[in-house]
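Below is one structure, written out as structure tokens; the observations come after it.
The values are calculated or read from the model by the stated rules, or taken from the named source; none is laboratory data. What you see is a predicted model, and the numbers here were worked out from it, not measured in a lab. Quick reminder, even Gly has a Cβ in these numbers, built from the backbone with ideal geometry, and neighbours come from all protein chains shown. Heads up: the accessible areas ignore ligands, DNA and RNA and are worked out on the full protein's heavy atoms, side chains in. Shrake-Rupley method; radii C 1.70, N 1.55, O 1.52, S 1.80 Å.
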Amino acid sequence: MHAGREEPSKPAWSGDQLDSASPPEIEAPYFDEILKAWVLSRHADILAAFRASNLSPASPNSKKVSEPIEESGRLKMRAETMEALSPIQLRAWRERLTPEAYACVHSLPIEEPADLLDGYARPLCLSLAAMVTGISRHDAAGLCARAERVSAAAAEPYDPALRRGAKAANVELRSCFHSGPEPLRDSGFVALSQTLPCILGNAWFALIQHPQEWSLLHQQPGLMEQAVEELLRYAGLVRILVRTATADIDLNGFFIRKGERIILRIIAANHDPARFSNPNQVDVTRRGAGHLTLGYGSHSCVGASLIRMAAVTITQPLLQRFAAAKPARSVVWQGGTGFRSPSSLWVGLSEV
Ligand code: HEM
């Protein structure tokens, strides 16, 4: 069982981050008396929590539980979004994004350091956000500052000042999108223009730290789709998801009472040696996904196919053009307890 925290002010998952000196600690479920919540980190326990019908998603900050009446609306929202993200539509967006990605990758310098985030990921993610939400690239650029405020609060959900800033920005953003399923309006804009570059930043940071994997992908572009799964696993973004028990349940032998909160340490589960061999290695040839970065089951990310398409389409040209990327400056990290990623990624790129 959990031996207790070394520093009471630090939650168990504060070390669950890509730049940690040590890998996440995986342990049996325990009740954290300070947080008044169960903490789960083993892959099998978190999978069981995702599968349990008596656990409802909750925000890290509130005790609100989805009401049954919201459930039919949620299922309708999922169906409408899936339809809007059909394979044909994804292909159409991919065909528009691909030439932009190649043009952008060819504008990256090789004689001087380049920032892969401002110079490559962010402009392409903004273009995709404009395409998907049906606004002009010009309007999208104008909404960026507000989307950044929303994203900053999601990255650090316990900061009241960030939450206040996000509330105002959310109201303004909501009034700018009028058509399509709800997840493809303001929240989709924020996810694509802000969260997607964070995922890519983490993934590319991992590849830069593992130059042999970068080189392998340069030589074997056919590995790209499975490499994206591996990078989502290894370098995934969202640290925790939260659930509330809507009834007493037995979760893998642990008795959880109605009303208790459960913290799912997603990054820890993705590094569980009981589920993944050599979990703290990046291995782009690894087969079989199984990561929980985009959730799982009935509440899994409805934008998952879009994220995968975008990650492959944007990463492919970068790895195709450049045989290597070496760190050129130390990375400054942004975000907090929600998610954390490099704010810039300065590298020296070489074609051979
Ligand atoms: C960019 C990176 C993204 C990440 C890391 C991400 C991650 C996640 C995760 C982990 C969940 C599961 C939440 C839970 O189980 O409590 C989720 C749910 C969800 N995601 Fe995403 N997501 C991303 C982008 C998007 C996009 C672009 C959309 C728009 C289509 C989207 C729409 C949703 C919706 C609507 C849900 C809730 C599904 C439900 O409750 O039925 N996400 N996302």
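For the pair CYS176 and ILE88, label points projected 7 Å from Cα toward Cβ lie 3.1 nm apart. To the nearest ten degrees, helix 68-84 and the longest principal axis of the Cα atoms of the chain are 20 degrees apart. Computed over Cα pairs, the Kirkwood radius of the chain leads via Stokes-Einstein (1.306 mPa s, 10 °C) to a diffusion coefficient of 75 µm² per second. With all protein chains present, how much of the accessible area of the chain (probe radius 1.4 Å) comes from carbon and sulfur, to the nearest whole percent? Whole-percent figure for carbon plus sulfur exposure: 54.
Note on GLN320 and ARG96: the model spin-label points, each 7 Å out from Cα along the C-beta direction, lie 2.0 nm apart. The Cβ shell under 9 Å around ILE256 holds other residues with a net charge of -1, Lys and Arg each +1, Asp and Glu each -1.
Axis of helix 122-133 versus longest Cα principal axis of the chain: the two differ by about 70°, to the nearest ten degrees. Based on protein heavy atoms only, segment 138-198 ends up with 49 Å² per residue of surface accessible to a 1.4 Å probe. If you find the alpha carbon centre of segment 106-140 and of segment 75-90, how far apart are they in angstrom? Answer, in whole Å: 25.
Across the chain, the longest piece that holds none of the GluC sites (Glu not before Pro) lying in DSSP loops with up to 12 other C-beta atoms within 10 Å covers 112-350. Taking other residues whose beta carbon is less than 12 angstrom from the beta carbon of TYR120, and scoring Lys, Arg as +1 and Asp, Glu as -1, yields -1. Against the main long axis of the alpha-carbon atoms of the chain, helix 137-155 sits at an angle near 40°. Local charge for ARG308 was computed over the other residues whose Cβ lies under 10 Å away, with Lys and Arg +1 and Asp and Glu -1, and equals -2. Using the rule -39500 (n - 2.57) for each DSSP H run of four or more residues, divided by the residues of the chain, the 222 nm mean residue ellipticity is -14000 deg cm²/dmol. Whole Å is fine, so just give me how far the alpha carbon centre of segment 306-351 lies from that of segment 183-219. The distance from the Cα centre of segment 306-351 to that of segment 183-219 comes to 6 Å. Here each label is just a point 7 Å from Cα along the line to Cβ, and for GLU71 and PHE254 those points are 2.4 nm apart.
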